[in-house]
1. Just tell me which aspartates and glutamates come within less than 18 Å, Cα to Cα, of Lys105; anything on the same chain fewer than 8 places away is out.
2. Taking all protein chains as present, what is the carbon and sulfur share of the accessible area of the range 1-109, in % to the nearest whole number, probe 1.4 Å?
3. For the chain, what is the calculated [θ] at 222 nm in deg cm²/dmol (nearest 500), taking -39500 (n - 2.57) for each run of four or more DSSP H residues and dividing by its residue count?
4. How high is the relative contact order of the chain? Use alpha-carbon pairs under 8 Å, at least six apart in sequence, and give a whole percent.
5. Which value, in Å², gives the accessible area per residue of the chain when a 1.4 Å probe is used on the protein heavy atoms?
6. For the pair Ala34/Ala70, report the inter-label distance in nm, with labels modelled 7 Å from Cα in the Cβ direction.
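The values are calculated or read from the model by the stated rules, or taken from the named source; none is laboratory data. What you see is a predicted model; the values in this text were computed from it and never measured. As a convention, Cβ positions derive from the backbone with ideal geometry for all residues, glycine included, and neighbour counts pool all protein chains shown. Protein only, heavy atoms only, side chains kept; ligands, DNA and RNA dropped before computing areas. Shrake-Rupley method; radii C 1.70, N 1.55, O 1.52, S 1.80 Å.
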Amino acid sequence: LQAMQDKAASQHSEMSSLRDQLRGVAATQDQLRAAQKQTSELSSQLAQTEHQLHEARQRLAAAEGELSGAGRAALDKLRAAAAEAEEELHAALARAEREAAALRKQLSSRDDAADK
C-alpha cells in the first residue's frame, strides 16, 4: 500500500510539473503571437513608409530643377533625414523579427522539453 501511495504521489508530482510546463508553453505561445503581430504591424508600417518615401523622392526630384543653391542644400538635408528614417524603420523591423525568432526558438525548446 505504501509503495502504491508513493507511486501515486510521484505521478501526481510529475503531472503537476507537466501542467506547469504546459502553462509555460502557452505563455510563450502568447508571447510569440504578440511578437508576430508586432512584426506584421511593423512590416506594414515599413511598407507604407517606403511608399511615402518613394512619393516624396519623386516630388523632390520634380522640384529639384526649380531650386536655388540654398534650396538644393535643404533638399540634401531632407534626403538625409528620409534615409535615416528609413534605416531606423528597417532596424526596428529587424529587431522585431529577431525577437519573434527567439520566441519561436524558446517555444520549440519548451515543446521539446515537454515531449520528453
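1. Here the aspartates and glutamates satisfying the reach criterion relative to Lys105 are Asp30, Glu97, Asp115.
2. The nonpolar share, carbon plus sulfur, comes to 54 percent.
3. -35500 deg cm²/dmol
4. 52
5. Solvent-accessible surface per residue comes out at 73 Å².
6. If labels sit at Ala34 and Ala70, their model points lie 5.1 nm apart.
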